[in-house]
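Just so it is clear, none of the values below were taken in a lab; they were calculated from the coordinates. These figures come from a predicted structure and were not determined experimentally. Positions of Cβ are backbone-derived with ideal geometry, glycine not excepted, and every protein chain shown enters the neighbour counts.
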Amino acid sequence: MLVSIIMGSKSDLEVMKEAMDTLTSLEVSHEYRILSAHRTPEALRDYLGTLPHLGVKVVIAAAGGAAHLPGVIASSTILPVIGVPMMSCLNGIDSLLSINQMPKGIPVATMAIGKSGAGNAALYAASILAVSDPGMATKLTEYRKQQALKVLEG
Ligand code: RP5
């Protein structure tokens, strides 16, 4: 299983379905978990401990508000972590800045707020995999071609 998607709440699921659908369309194996940095710290730690055995190469982490989840995950693994800020009572700006403003040393790649970010997180995960997987590179190139065709067709 190549990509693990972790989100802080069941309320993030509808948005994060965009990431799962995109990974499915690219035939990237993935699973999701609902685990919170604040509400379920022990369960989160336990799950993160299983990632090497699962063969996970990239983690996508979604959180809203005081969105510590992506940073906490990144602090416990050297796998690339892609953060997706969720909408919140501050229109997701708090989530975006919480995820984006990591102090030097522990990076989190931060996407756009909401569904665009969720879809792009999946595409970015596929790009990371494509560096060492020519089959994945071909699929991504085809995805881009189809996307351009749709735009040109109007
Ligand atoms: C975060 O708090 C979650 O990622 C979610 O986006 C936000 C609100 O969670 P709920 O109150 O809807 O469970 O931890």
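Quick look at the numbers
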read-out	value
Extension gain, Ala112 back to Leu79 (0.36 nm per residue minus Cα-Cα distance, nm)	9.8 nm
Long-range amide H partners of Gly65 with built H, under 5 Å	Met86, Ser95
Theoretical ellipticity at 222 nm over the chain - DSSP helices of four or more residues, -39500 (n - 2.57) apiece, nearest 500	-16000 deg cm²/dmol
Estimated inter-spin distance, Ala137 and Glu27, nm [label 7 Å along Cα→Cβ]	1.8 nm
Amide proton proximity set for Ile60, modelled H, under 5 Å, gap of 5+	Ser4, Ile5, Ile6, Ile82
Between helix 41-54 and the chain: long-axis angle, C-alpha atoms, 0 to 90°, nearest 10	40 degrees
Karplus-derived 3J(HN,Hα), 6.51/-1.76/1.60, for each residue of region 98-105, Hz, glycine and proline x	4, 7, 6, 8, 6, x, 4, x
Under 19 Å from Lys57, Cα to Cα: aspartates and glutamates that are on another chain or at least 8 residues apart	Asp21, Glu27, Glu31, Asp46, Asp133
Cα centroid separation, region 95-154 to region 19-86 (Å)	15 Å
Potential lengthening between Glu153 and Glu42 on full extension [0.36 nm per residue; Cα-Cα distance subtracted]	34.9 nm
Prolate/oblate/rounded call for region 33-154, Cα gyration tensor, a/c under 1.5 rounded	oblate
Long-range HN-HN contacts of Thr110 with modeled amide H, under 5 Å	Gly83
